[in-house]
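Single-structure report; data block below.
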Amino acid sequence: MDATEGTGEPQPPPPAGGRPAGHQGRPADGKNSEGGHGIDALWERLARLEQSVPGELRNLPRQVGNQAVPAWRRVTQGEPRWQVSLATASAIALQVLIPGRLAVQPSWLLPTLEGLLAAALIIANPRRIDRQSVILRYTSMTLIALITLANVWSAEKLIADIIHGQNPIATQAPTLLLDGGSIWLTNVIVFALWYWELDRGGPVARALAVKPYPDFQFVQMVSPELAPPGWEPMFADYFYLSFTNASAFSPTDVMPMSRWAKMLMLIQSAASLVTVALVIARAVNILK
């Protein structure tokens, strides 16, 4: 029985968590009984044991918990900017080099606008894409839309030259193959940008783990034991997806999960098939 019981004095409530108050987490009244002495000794032994454990081992449970959840499903740092910036610059350069007869007139207008938008995005996130902003997201989508518009225009002009054969340049196989190859490569970059920007809400949303369900299923998601613990999809993975879809005209090892992803891959396959088939058929016919 507690020594204070029966005195009529109110007993103080125990602190939050149900543990009696005391120095270094030990019970305050532990020395008033044999059981108290035992608990007090136990707390001292636990404190000494905790102090003897190295700091890296103390953080081990938290590290194991982080590794138990794949990186693409938890909050991580934003991916590096340089990959998507290099791809965007390549697409703009290809549009600058495209012949004037295939470009939107004036030929400098769209590349200039695209360059300004790309520069604004780089200034806003120079190293990592981790800044959550509706304006920046719409700016990125506007940039991709302008590159898409310019490439669709060029592809339509090239197909018209091939079908009607009114332009004498369309009868030159090397020029035809070069123009067709530039448009095809730009098409690969354009769809890679769309896949990268739309999958799970975009790169910033993926870094913040906003949406748990992926629109594209990569091999590392199905077999995480084959990938490093910190693996998550970046632009290079979406570029590979776009290239294989444009060359094989079907999914390879990356599967579309959502309906919009399936439709977008279907459009890319159809556009790539038409471009490649017409350009190669026309070039072979000229060479014969």
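The values are calculated or read from the model by the stated rules, or taken from the named source; none is laboratory data. On a predicted model such as this, the values are computed, not experimentally measured, just so you know. As a convention, Cβ positions derive from the backbone with ideal geometry for all residues, glycine included, and neighbour counts pool all protein chains shown.
Only a single criterion out of (1) under 25 Å from residue 183 (Cα atoms); (2) at pLDDT below 85; (3) under 26 Å from the mean Cα position of the chain (by Cα); (4) not polar (S, T, N, Q) is not satisfied by residue 89, namely (2). One residue stands out among those in region 233-252 that are modelled with pLDDT under 90 and not polar (S, T, N, Q): the one that is surrounded by the fewest Cβ atoms within 10 Å (Cβ to Cβ), which is 249.
Residues to consider are 176, 198; find the one that is within 26 Å of residue 144 (Cα to Cα), crowded, with 17+ Cβ neighbours inside 10 Å and modelled with pLDDT under 90.
Going through 176, 198 in turn, just one is within 26 Å of residue 144 (Cα to Cα), crowded, with 17+ Cβ neighbours inside 10 Å and modelled with pLDDT under 90: 176.
Considering only region 109-128, I want to know if a residue exists there that is surrounded by 17 or more Cβ atoms within 10 Å (Cβ to Cβ), closer than 15 Å to residue 190 by Cβ and either β-branched (Val, Ile, Thr) or in contact (Cβ under 8 Å) with a residue 60 or more places away in the chain (or both). No, there is no match, as no residue in region 109-128 is surrounded by 17 or more Cβ atoms within 10 Å (Cβ to Cβ), closer than 15 Å to residue 190 by Cβ and either β-branched (Val, Ile, Thr) or in contact (Cβ under 8 Å) with a residue 60 or more places away in the chain (or both).
One residue is enough: does region 168-189 have a residue meeting the conditions under 26 Å from residue 76 (Cα atoms) and of a type outside the set (Ser, Thr, Tyr)? Yes: one or more hits.
This table checks each residue for (1) free of Cβ contacts under 8 Å to residues at least 60 places away in the same chain; (2) under 16 Å from the mean Cα position of the chain (by Cα); (3) assigned to a loop (DSSP other than H, G, I, E, B).
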residue: 140; (1), (2), (3): no, yes, no
residue: 143; (1), (2), (3): yes, no, no
residue: 148; (1), (2), (3): yes, no, no
residue: 157; (1), (2), (3): yes, no, no
residue: 162; (1), (2), (3): no, no, no
residue: 178; (1), (2), (3): yes, no, no
residue: 186; (1), (2), (3): no, no, no
residue: 191; (1), (2), (3): no, yes, no
residue: 210; (1), (2), (3): yes, yes, yes
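Consider region 109-127. How many of its residues are within 18 Å of residue 193 (Cβ to Cβ) and either under 24 Å from the mean Cα position of the chain (by Cα) or not in a helix (DSSP H, G or I) (or both)? Number of matching residues: 11. Among the residues of region 212-250, the ones that are within 12 Å of the chain's Cα centre (by Cα) and not hydrophobic (A, V, I, L, M, F, W, C) come to 6 in all. List every residue pair whose Cβ atoms sit under 8 Å apart, with the two residues 6 or more apart in sequence or on different chains, where the first one lies in region 261-288 and is within 26 Å of residue 213 (Cβ to Cβ) and the second, anywhere, is surrounded by 11 or more Cβ atoms within 10 Å (Cβ to Cβ) and charged (D, E, K, R). Note: pairs meeting the criteria are 261/199; 261/215. Taking the residues in region 88-108 that are free of Cβ contacts under 8 Å to residues at least 24 places away in the same chain and not in a loop (DSSP other than H, G, I, E, B) as candidates, determine which candidate is farthest from residue 188 (Cα to Cα). Of everything passing the filter in region 88-108, 100 is farthest from residue 188 (Cα to Cα).
Restricting the first member to region 216-231 and to residues that are touching a residue at least 12 places away in the same chain (Cβ under 8 Å) and crowded, with 16+ Cβ neighbours inside 10 Å, and the second to residues that are charged (D, E, K, R) and in a helix (DSSP H, G or I), the beta-carbon pairs closer than 6 Å and six or more apart or on different chains are 216/199.
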